[in-house]
Amino acid sequence: MKKNKSIAENVRSYIERIVDLLSTAIFLLIFLIGFYALLDIHAVNISAKMDEEIASLSPDADVDIDLAELKKINPDIIAWIKINNTNINYPVVQANNNTKYLTRNYRGEFATAGSIFLDYRNDGFKDDFSMVYGHRMDGQRMFGGISLFEQEEYFDKHKSGVLYTEDGIYDLEISDFSIVDVDRTTIYNHDNNRNNRNGTVIHEVHSFAKQSRKVKYEDDDKIIVLSTCDKDSKHYRNVLLAKMVPRD
C-alpha cells in the first residue's frame, strides 16, 4: 500500500513539474510575442520617418523641391507631394510594378511603412489621371492623415496641396474625400488606361463622397487620386480627389 502511494506521489509530482514548465514556457512565449510586437511597431514608426538628408530637401515657403538632388538618392523618385498644413509631405517614387514600394522606403531599402508611390501604369504625371498610393500609418504618417478628411471641419480647413514633378509644379485643389468600394468602382481597374476617362473617375469618386466642395473640372484638366486602405474593411479605400493646376 505504501509502495502504491509512493508511486502516486511521484506521478503527481512529475505532472506538477510538467505543468510548471508548460506555464513558464507559455509565459515566456507571450512575453516574447509582446516584445517582438513592440519592436515591430517601433521599426514601422522609424521607417515612416524621413532622415535628415531628404528632409533637408523638402520644399518650404521659400524653396521649391530639387528633384535632381533627390534622384541622386534614388532614380525612382519622380516627384514630391505636399498637402498643405498636414503631415503629407513626401517624395513620390515609381517602379515597374505596384508591389516594390509597398515595403521599401524612398531609398529603395526595406521598410515596413513603404513609400508614397505612383501607379506603375502612369506615364509619370503626364497622364490625365494619376493614382498615388500610400500606407495608412498611425500618427498620420504616410497617408494615415487622409482619413481625417472625413471630418467636415478638417476637410473645410484643408483645401490644397502642391505636386512637384519633373515636368513642372502643380497646385492641387482638393474636391472630394471618399470611401470607395473597390468592387464597385473602376478607378483601380487594370484594364483601363489613364487618359480620356476623367469624367468617369470624378463621377465615381464623387458618388462615394463623404465630404465634397465645388471645384470646376474642365475636360482637359489633369486630376490626381490619393489612395490608402480603410481602417474597417479591406474592400474599401479612403481617397482624396484633386484637380492639378499647373503653375505659370
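Where a number appears in this text, it was derived from the coordinates with a stated rule and is not lab data. All values derive from a computational prediction rather than experimental measurement. Backbone-built Cβ (ideal geometry, glycine too); neighbour counts: all protein chains shown.
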Inset, instruction - Any chance you could count how many residues in segment 66-79 are in contact (Cβ under 8 Å) with a residue 60 or more places away in the chain and touching a Leu at 6+ places or on another chain (Cβ under 7 Å)? - result: 2
Inset, instruction - For segment 192-200, state whether one or more residues are within 20 Å of residue 116 (Cβ to Cβ) and β-branched (Val, Ile, Thr). - result: no
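Yes/no per residue for (1) in contact with a Ser or Thr (Cβ under 7 Å, 6 or more places away or on another chain); (2) free of Cβ contacts under 8 Å to residues at least 12 places away in the same chain; (3) within 22 Å of residue 86 (Cβ to Cβ); (4) not polar (S, T, N, Q):
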{"residue": "143", "(1), (2), (3), (4)": "yes, no, yes, yes"}
{"residue": "150", "(1), (2), (3), (4)": "no, no, yes, yes"}
{"residue": "168", "(1), (2), (3), (4)": "no, no, no, yes"}
{"residue": "172", "(1), (2), (3), (4)": "yes, no, yes, yes"}
{"residue": "179", "(1), (2), (3), (4)": "no, no, yes, yes"}
{"residue": "185", "(1), (2), (3), (4)": "no, no, no, no"}
{"residue": "214", "(1), (2), (3), (4)": "no, no, yes, yes"}
{"residue": "219", "(1), (2), (3), (4)": "no, no, no, yes"}
{"residue": "233", "(1), (2), (3), (4)": "no, yes, no, no"}
Inset, instruction - Specify the residue that is nearest to residue 98 (Cα to Cα); the eligible residues are those in segment 159-196 that are among the charged types (D, E, K, R) and surrounded by fewer than 16 Cβ atoms within 10 Å (Cβ to Cβ). - result: 191
Legend entry - Pairs with Cβ under 7 Å, 6+ apart, first in segment 87-101 and within 17 Å of residue 125 (Cβ to Cβ), second among the acidic types (Asp, Glu): 93/76; 94/76; 95/76; 98/119
Legend entry - Index of the failed condition, residue 120 passing every other in (1) free of Cβ contacts under 8 Å to residues at least 40 places away in the same chain; (2) farther than 19 Å from residue 93 by Cα; (3) among the hydroxyl-bearing types (Ser, Thr, Tyr): (2)
Inset, instruction - Would you mind finding the one in 139, 144 that is surrounded by 22 or more Cβ atoms within 10 Å (Cβ to Cβ) and of a type outside the set (Phe, Trp, Tyr)? - result: 144
Inset, instruction - Would you confirm whether any residue within segment 225-239 is over 19 Å from the mean Cα position of the chain (by Cα) and on the phi < 0 side of the Ramachandran plot? - result: no
Inset, instruction - Check 222, 214, 210 and return the single one that is touching a strand residue (DSSP E or B) at 6+ places or on another chain (Cβ under 9 Å), of a type in the set (Lys, Arg) and surrounded by 16 or more Cβ atoms within 10 Å (Cβ to Cβ). - result: 222
